[in-house]
Amino acid sequence: MSTTAAEAAAGPQDSKQFRILHTMIRVRDLDKSLDFYTRLLGMSELRKKDYPGGKFTLAFVGYGGEADHAVIELTHNWDQEEPYDLGTGFGHVAIGVPDIYATCERLEAEGVAIPRPPGPMKHGTTVIAFIEDPDGYKIELIEQA
């Protein structure tokens, strides 16, 4: 099977049908993580299923249904006792918010860590902040008018 240069440059034939489905992160305390993403960030718990044979639970959260929106998959391995090593490869999840200052004030009152308070980004004017979920994953908040 040979591919012409034009076909290779165009990418997969059906890629216009592709879309991001979810991002998976491992969490140590599923209840704490579900509370963070649903109550504090306003996502909905879309589905949750235990896999007793594998000793893990998958929970999906997001701002809309999986048919139309990318969501976050929270993977809870039942035997995980130590915090996960977050490594150096993963960056962050970004969420658009209408009033970043009020959002950060409310989250801070709930005890959420805010390592980068809201303000304009360096070398730009976009107003951003960084918060951390219960496992230390970075979440960038971007003010959207």
Non-local residues with an amide H under 5 Å from the amide H of A113, with H modelled 1.01 Å from N and Pro and chain starts lacking one, are E132
The answer for the longest stretch of the chain without any exposed GluC sites (Glu not before Pro) (DSSP loop, at most 12 further Cβ atoms within 10 Å) is 1-80
Bridge orientation stat for the chain from DSSP, antiparallel percent rounded to 5, came to 70
Ordered by number, the trypsin sites (Lys or Arg not before Pro) in the range 68-145 that occupy a DSSP loop and have at most 12 other Cβ atoms within 10 Å are K122
Exposure-ranked with fewest Cβ neighbours within 10 Å first, H123, H92 stand as H123, H92
Checked the chain with the C-alpha gyration tensor, a ≥ b ≥ c its square-rooted eigenvalues, rounded below a/c of 1.5, otherwise prolate if a/b is larger than b/c and oblate if not; verdict oblate
Rounded to the angstrom and largest first, Cα extents along the principal axes for the range 88-145 equal 29, 29, 16
Here the net charge surrounding I100, from other residues whose Cβ is less than 13 Å away from its Cβ (Lys, Arg +1; Asp, Glu -1), is -3
Diffing the range 100-106: the Karplus 3J(HN,Hα) column from phi (6.51, -1.76, 1.60, θ = phi - 60°), in whole Hz with x for Gly and Pro, holds 5, 5, 5, 4, 5, 4, 5
Computed, not fitted: 222 nm per-residue ellipticity of the chain from DSSP H runs ≥ 4 (each -39500 (n - 2.57)), nearest 500, equal to -4000 deg cm²/dmol
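Read-outs throughout are calculated quantities, based only on the coordinates presented, and are distinct from any laboratory measurement. This structure is a prediction, so every number in the text was calculated from the model and none was measured. Glycine gets a Cβ as well: all are built from the backbone with ideal geometry, and neighbour counts include every protein chain shown.
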